[in-house]
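Data first, discussion second: the structure below is written as structure tokens.
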Amino acid sequence: MSEPQQQPPPPTQGTPPHPQGEHYPQPGQPQGRPGPAQQYGHPGQPYGQPNQAATYPGSAASTASPALAGGGLGRVAFIVALVSLASGVLVALSLPILISAVDFSAALYGAFAAVGNGLVLIVAIAALILGIVAVRRPGRQLLAGIAIGIAASEILGILMSWVSNLALTLTYR
């Protein structure tokens, strides 16, 4: 006949139970670094199981992993950076089409390019800011890094285009 299994004593109100994996030195054990955590208990009992989050009365169980917390904002930054890139390509491709379809003057061409690239610049700056915020958060940072790269190249490309157009305009007057 087998012996009945005893249930663990309920924790007292004054002292909280020790988290799993926390190790306290035993008498006669050196006081240096703690050794590996020992698992106590019989198979089939809910306490002492590895890879199991301990929940205690009065404690809130976290549903989101900290590794996934920064991934959402990085994904948003990546999508905004792709929108910036796609709109920049559309603006660049639409300028020659509009010139051939309609008789554009130089001033009208410059105004259309400035407005189109200005909107792309605003979206790229938003993607850059979102990417920087996402990189500073814990979690996945790959998409945030890609968003920063795309947005920074868009911003630098637009600014260099504006500076070169300004220099070209000032030298031909």
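Values in this text are rule-based calculations from the coordinates and carry no lab data. Since we're looking at a predicted model, the values are computed, not measured. Here Cβ is always computed from backbone atoms with ideal geometry, including for glycine, and neighbour counts include all displayed protein chains.
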Residue 145: net charge of surrounding residues, Cβ under 14 Å, Lys/Arg +1, Asp/Glu -1, itself excluded?
+4
For a Förster distance of 35 Å, can you work out the FRET efficiency between the beta-carbons of residue 90 and residue 171, rounded to the nearest 0.05?
0.70
Step through the residues of the range 132-140 one at a time and calculate ³J(HN,Hα) from phi using the Karplus curve (6.51 cos²θ - 1.76 cosθ + 1.60, θ = phi - 60°), rounding each to whole Hz and writing x for Gly and Pro.
5, 5, 5, 5, 6, 8, x, x, 5
Could you tell me the calculated FRET efficiency between residue 99 and residue 119, based on Cβ-Cβ distance and R0 = 22 angstrom, to the nearest 0.05?
0.70
